[in-house]
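Novice: Sharing a structure with you now.
The values are calculated or read from the model by the stated rules, or taken from the named source; none is laboratory data. Note that the coordinates shown come from a computational prediction; the quantities given were computed from them, not determined experimentally. Cβ placement follows ideal geometry from the backbone for every residue including glycine, while neighbour counts extend to all protein chains displayed.
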Amino acid sequence: MTRAEPVLQAESVDVVRGGRHLLRDVSLTIAPGEHWAVLGANGAGKSTLLAMLGAVSHPTRGVVRVLGRRLGRVDLRELRAHLGHVNPRHPLSSPLTVREVVLTGLTNSIEPDPFRRPTAEQREHAEALIATLGMTRRADAAWTTLSQGERGRTLIARALMPQPRLLLLDEPATGLDLTAREQLLSSLDELRRLHPELASVLVTHHLEELPASTSHALLLREGECVGRGPVDGVLTTELISACFDHPVRITREDGRWAARAARPAR
């Protein structure tokens, strides 16, 4: 795959389950270095779309190519090894340290592989990612003692260990307090600055949870696209109001977005 090729292409995708359209005629192309936000209300189809982008499920109709490989013609398990998918419900319960959790990203396993020892270069890469995500001081802390925000940043570092071309983030700021959210978003901005070829997709309900480095957005309403493209043309009062079926006013300050309910006309 050359640098000029898209990281991901979805063409006229439908997803139908139980006779119901979860996605209808959705298209999306993501180039290296682009950082997409996917927004929509509950039930809009965000999780369904992310499952396809992460090579977890297939479309009912249409074509999806991830890293140049068409879903339905490739081993999904092999393809997922080349993606950085951050699962906020990571099922670890043992007291591994932050450093040990990050290194499990090499084998995409929950616990360390006893038959595989990381190389010095891989350990150095892990330390660099831990630093980028602002977790150096907590590198020796046990997973069971971490806050939700610290766990989220650890999992992002873990997902980046195989050096994927595409990073998928499923509502990474959900449940975080103000400080933890801002630490997470600052870490994502720094990560994107240090890895300019990395592409990412971040799913959320809230504009306030978008990093300033977000470059593109896709808006979903009841499984259909109501806006797609560079953020300046998509994250607008008109399109966000249509996406959430409620009048809101969108503002942007210091690169970050906010949404407020529009005042009723008098």
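Novice: Check 235, 194, 178 and return the single one that is at negative phi, surrounded by 18 or more Cβ atoms within 10 Å (Cβ to Cβ) and of a type outside the set (Phe, Trp, Tyr). I'd like the intermediate steps shown before the answer.
Specialist: Working: 194 fails: surrounded by 18 or more Cβ atoms within 10 Å (Cβ to Cβ); 178 fails: surrounded by 18 or more Cβ atoms within 10 Å (Cβ to Cβ).
Result of the check over 235, 194, 178: 235.
Novice: Name the single residue that is farthest from the chain's Cα centre (by Cα) among those in the stretch 193-231 being β-branched (Val, Ile, Thr) and more than 30 Å from residue 137 (Cβ to Cβ).
Specialist: 226
Novice: Quick check on the stretch 37-46: of everything there that is out of contact with any Lys or Arg (no Cβ under 9 Å at 6 or more places or on another chain) and surrounded by 17 or more Cβ atoms within 10 Å (Cβ to Cβ), which residue is nearest to residue 169 (Cα to Cα)?
Specialist: 37
Novice: When the stretch 135-172 is examined, which residues are found to be aliphatic (A, V, I, L, M) and over 23 Å from residue 55 (Cα atoms)?
Specialist: Pass one, the stretch 135-172, residues aliphatic (A, V, I, L, M): 135, 139, 141-142, 146, 155-157, 159-161, 166-169.
Listed by number, the residues that qualify are 135, 139, 141, 142, 146.
Novice: Only one of 16, 64 is surrounded by fewer than 15 Cβ atoms within 10 Å (Cβ to Cβ), hydrophobic (A, V, I, L, M, F, W, C) and in a strand (DSSP E or B). Can you tell me which?
Specialist: Exactly one of 16, 64 is surrounded by fewer than 15 Cβ atoms within 10 Å (Cβ to Cβ), hydrophobic (A, V, I, L, M, F, W, C) and in a strand (DSSP E or B), namely 16.
Novice: Take the residues of the stretch 134-192 that are more than 27 Å from residue 8 (Cβ to Cβ), of a type in the set (A, V, I, L, M, F, W, C) and assigned to a helix (DSSP H, G or I): which is farthest from the chain's Cα centre (by Cα)?
Specialist: Among residues in the stretch 134-192 that are more than 27 Å from residue 8 (Cβ to Cβ), of a type in the set (A, V, I, L, M, F, W, C) and assigned to a helix (DSSP H, G or I), the one farthest from the chain's Cα centre (by Cα) is 143.
Novice: Test each condition in (1) exposed (fewer than 15 other Cβ atoms within 10 Å of the Cβ); (2) in a loop (DSSP other than H, G, I, E, B); (3) not basic (Lys, Arg) for residue 33 and report the one that comes out false.
Specialist: (1)
Novice: Please enumerate the residues belonging to the stretch 153-170 that are farther than 21 Å from residue 30 by Cα, crowded, with 22+ Cβ neighbours inside 10 Å and in contact with a helix residue (DSSP H, G or I) (Cβ under 6 Å, 6 or more places away or on another chain).
Specialist: Taking the stretch 153-170 and keeping what is farther than 21 Å from residue 30 by Cα, we get 153-155, 157-158, 161.
Those still in the list that are crowded, with 22+ Cβ neighbours inside 10 Å too: 153-155, 157-158.
Selection gives 153, 154, 157, 158.
Novice: Among the residues of the stretch 73-122, count how many are closer than 15 Å to residue 157 by Cβ and either part of a helix (DSSP H, G or I) or of a type in the set (A, V, I, L, M, F, W, C) (or both).
Specialist: The total comes to 13.
Novice: Next up: Residues of the stretch 190-204 being at pLDDT 95 or above and farther than 17 Å from residue 85 by Cα, which ones?
Specialist: Those that are at pLDDT 95 or above and farther than 17 Å from residue 85 by Cα: none in the stretch 190-204.
Novice: For the stretch 214-266, give me the residue count where each residue is under 17 Å from residue 34 (Cβ atoms), hydrophobic (A, V, I, L, M, F, W, C) and free of Cβ contacts under 8 Å to residues at least 24 places away in the same chain.
Specialist: 1
Novice: Separate question: Taking the stated definitions as given, is residue 92 touching a residue at least 40 places away in the same chain (Cβ under 8 Å) and either buried (at least 19 other Cβ atoms within 10 Å of the Cβ) or within 25 Å of residue 49 (Cβ to Cβ) (or both)?
Specialist: no
Novice: Ok, one more. I'd like the full set of residues that are within 22 Å of residue 19 (Cβ to Cβ) and at pLDDT 90 or above, limited to the stretch 52-82.
Specialist: Within the stretch 52-82, 59, 60, 61, 62, 64 meet the criteria.
Novice: Is it fair to say residue 16 is of a type in the set (A, V, I, L, M, F, W, C) and over 27 Å from residue 158 (Cα atoms)?
Specialist: Yes; evaluated as a whole, the condition is true for this residue.
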